[in-house]
Amino acid sequence: MFVEINPFIVPMIKNKVGVFILLLLSSVGVWSQTYSVTGLVKDQSSQPVAYANILLLRAQDSSVATGTTSDDNGKFLFQNISKDIYILKTSFIGYTTNELFIDVKSDYNVSDIMLEENVEALNAVEIIARRPTLKREVDRLVFNVEKTALSEGNLMEVLRNTPGVLVLDNAVSVKGMSPDVYINDRKVHLSSDELSDLLEGSSASSIKSVEVITNPPAKYDAQSGVVLNIVMSKSLVTGYNGSVFANYTQGVFPRMNYGMSNYFKTSKVNLFVNYSFNDEKLNRDDEEDINFKNNGATSEIWNSDSNRNIWKDTHSLNMNLDYNINDNNTLSIASNVLFLPKYNYLTKKSTLVSDPSEIPLYNFDSENLSNDKKHNLGFDLDFLHDFGESGSSLRFNSHYTNYNLEKDQAVNSLYYQTDGVLFDETSFNTIANQETDIFTGQVDFSTPLSETSSFETGVKMSNIKSNSKITHFDIVNGQGVLNPDNTDEFAYDETIFAAYMSYSKSWENWELSFGLRAEQTDIEGLSVLDDVKNVQDYLNWFPTLSLSHDISETTGLYGSYKRSIDRPEYNHLNPFRYYLNDNTYVTGNPKLQPVLIDMGALGVTFGSGTYDIAVYYKESKDNIFQLPLQDNANNIIAYTPVNIEKSIEFGIDFITYFDMTARWSVYFVTSFYNIQDQVEIDGIKVDGNQWSNYSILSNNFSFLEDNSLTASLTFTFVGKNIQGLQIVDDRLVSELSLKKTIMGGNGIISLAASDLFNTQNYNIRTQFLDQDNSVFTNIDSRYIKIGFRYKFGNTKLSTNQKDLEKEERDRLNDDD
């Protein structure tokens, strides 16, 4: 293979010239032997069935290898089929689907396939019996969940069961990184909490698979060090179907969740709409210990107990509309909308202040009541043009997100002597708001260069404008008095220009994918209070490489390398001091620098993909962590994001899935890894080093003759680990769920329990130089949930049979 690199010049951006590289790639195809598969489809009267839908599925994971339809005489032909074991799946409206295993070692002629009439087929009622499958591709793990027991829950439940994905306290991570989440390759611009609300409120009934992309190709943003792409399925039959659901959860307090999913399809339109409403009250208890120091010795000890209650009303609406203009052009509109008219929390905290000998000096109680409301409105517009037989495609995407947050906070603190006599009282109110607009535009072009290679290129522009304001009032004699020192405005403007090229090729037993992405970033932040402007301007290059080789039919090797970036969140650059009480505040850091991450991995799969072992190395320069930093002179805790000079992580991962019995399948994931944090503070080098392990054991069971009763039991262990010089103790997460299909397959009742052994609480300790504090957190993780889902709809055919089968045939080429 020969690679030629030619430079080209991009127009000047803000009077700066950025240089991007165009990778012109060519290759010589390598011939490998393939075979043909032929056959004839008949009905019970031995009459040929024309336009029957025929899929060739790989037996290993039921993924689609190719597909076709029978001709007017019921005959079909597959060409260029590789040696493998396949499932030949034949279906036609009004007939029972026929499945046949075939072992292709040479040209294969299938004996006549007989389809039996099924007058109930149009009801589209199907008992869930399939199990999830896991497939390793050159740059990702593909977890197929379509029409499995997992598809009867919500998106968060699916992610909890996805190998390689860790969900703790409803926060999603992969290899210690917060992944960018995409739905059908469209990025979802949501915070961690908002993403949790979206996933909890979205039905999984329309999920085809979850792609854990640990080495994202160059077409993804460089910010996307890890990507979770949720691929939605599309119905093959015209008509309407949907479901309604309701869940009741009893934790410390009761919670309710209900909603509706709708799917409508014609020959031109695919429409999916999902709405859900969550009514929640959550509880959290913290025990905090702080040793304030003076010249290295403890000066005061603060022991605090706090309780926080959160009330949330969340409306979630997801919509996807595809309009097939013609065979070559598709227009798509998608939206993800979150609206929280009520997001209130009340925190009550009691603190005992003692001297170094633990003799009480005084105590104080604080109460923080915040009444918030917010929304996050995201919209996508896509246009896809297929150039036909050439296989090339051109895609245009534009995105807009509007985010708004309004906070109204009231804080009151009472100070008592050791004999209980009140000696001081303080109060303050804050009014804060944030308005953020995100615009993106992207053009992608892809084309096959040969039967075994392809090329893709694209450009993207994104702009983020965020304006924040905080007004702080001290309460004096019952009246609000403006505090100008804690009142501020912050304006943030970020623009990114990006271009990429990528190339992929497969030959014999090899697969190769590599690419290069360039991103020019311009940032300007302005703090009105002190008239301080923060300007950043940088160009970065991001190569990516994935390579795999099949040693035999059951064993393969793979390797990958990627450079990515983690830019500071715009609110982390905001210098506001948002006080939670007299002695604790949250603030940003305008001096934060972006994190540059280099990561490589080498792995082996064996047992036809049943086992996956990989070693990896990751180095993060200027890693960002939010730390509780003590101001020992003033006895204040400031939660502040800081850059850590370097974080190094290396380890070994093991993933397997197998069937213990015909009704019991097991997924097991374990990772042993070491994290090293290195930073210099005031000329003193501080190092942190910790070995750790996380393991996930997931068991899925099916019962009864028709497999209508399913169960899942999952354990997740997260060992003691280090996060930005903070030590986090180990914990065990446990979940049990039961589902029963009733009402002829239309109804599903479910029962779930979480934190079976009360082991999900955890302790975080910060101890370096003059920093010495810890927090033990008791989260609202123990609950029982009861749910019901009812599926309805019809599949009334509004087009002729040939059109229906044409739609099914087109679906074989969909990228969703």
Task: Calculated FRET value between residue 489 and residue 339, using beta carbons and R₀ = 35 Å, to 0.05 - done: 0.85
Open item on the list: I want to make sure I understand the PRE zone here: with the label point 7 angstrom from the Cα of residue 540 toward its beta carbon, which residues in the range 170-199 have backbone N atoms less than 20 Å away?
Closed with: 173-182, 187-192
TODO: Can you spot the lysines whose alpha carbon is less than 18 Å from residue 460's alpha carbon? Ignore those fewer than 8 places along the same chain.
DONE: 14, 16, 187, 219
- [ ] Could you tell me whether the range 192-295 comes out rounded, prolate or oblate from its Cα gyration tensor? Rule is a ≥ b ≥ c as square roots of the eigenvalues, rounded for a/c under 1.5, then prolate if a/b exceeds b/c, otherwise oblate.
- [x] oblate
Open item on the list: Modelling each spin label as a point 7 Å along the Cα-to-Cβ direction, I'd like the residue 615/residue 479 distance in nm, to one decimal.
Closed with: 7.2 nm
Task: Among (1) 1.11; (2) 0.98; (3) 0.95, the entry derived from the coordinates for Rg/Rh (Cα atoms, Kirkwood Rh) - done: (2)
Open item on the list: Please list 549, 472 from largest to smallest accessible area, probe radius 1.4 Å, with all protein chains kept in place.
Closed with: 549, 472
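Could you rank 449, 602, 709 by how accessible they are, 1.4 Å probe, largest area first?
Listed by decreasing accessible area, they come as 602, 449, 709.
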Open item on the list: If amide hydrogens are placed 1.01 Å from N in the peptide plane, which non-local residues have theirs closer than 5 Å to the one on residue 573?
Closed with: 589
- [ ] Take each of the peptides 158-167, 342-351, 477-486, 176-185, average the number of other beta-carbon atoms within 10 Å over its residues, and list them starting from the highest.
- [x] 158-167, 176-185, 342-351, 477-486
TODO: Can you tell me the dipole magnitude for the chain around its Cα centre, using point charges on the Cβ only (Lys, Arg +1; Asp, Glu -1), in Debye to the nearest 20?
DONE: 1740 debye
TODO: Starting at the first residue of the range 319-325, write each ³J(HN,Hα) from the Karplus equation 6.51 cos²θ - 1.76 cosθ + 1.60 with θ = phi - 60°, in whole Hz, x for Gly and Pro.
DONE: 9, 9, 10, 10, 10, 7, 4
- [ ] Return the sequence-ordered ³J(HN,Hα) values of the range 418-430 in whole Hz as given by the Karplus equation 6.51 cos²θ - 1.76 cosθ + 1.60 applied to θ = phi - 60°, using x for Gly and Pro.
- [x] 5, 8, x, 7, 5, 10, 7, 8, 10, 8, 7, 10, 10
- [ ] Sum -39500 (n - 2.57) across every DSSP H segment of at least 4 residues in the chain, then divide by the residue count to get the 222 nm mean residue ellipticity, nearest 500.
- [x] -1000 deg cm²/dmol
Open item on the list: Can you compute the FRET efficiency between residue 107 and residue 447 using 1/(1 + (r/R0)^6), with r the Cβ-Cβ distance and R0 = 45 Å? Round to the nearest 0.05.
Closed with: 0.90
Open item on the list: Need one number: convex hull volume per residue for the range 401-524, Cα atoms only, in Å³.
Closed with: 187 Å³
TODO: Between the alpha-carbon centers of the range 687-737 and the range 524-569, tell me the distance in whole angstrom.
DONE: 28 Å
Task: Largest to smallest principal axis extent of the C-alpha atoms in the range 615-706, angstrom - done: 70, 31, 17
Open item on the list: If DNA, RNA and ligands are ignored and the probe is 1.4 Å, what is the ranking of 524, 157 by accessible area, most exposed first?
Closed with: 524, 157
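The values are calculated or read from the model by the stated rules, or taken from the named source; none is laboratory data. Just so it is clear, the structure is predicted and the values come from calculations on it, not from any experiment. Cβ atoms come from the backbone with ideal geometry, glycine included; neighbour counts cover every protein chain shown. When the accessible area is computed, the model is the full protein with side chains, heavy atoms only, and any ligands, DNA or RNA have been set aside. Shrake-Rupley method; radii C 1.70, N 1.55, O 1.52, S 1.80 Å.
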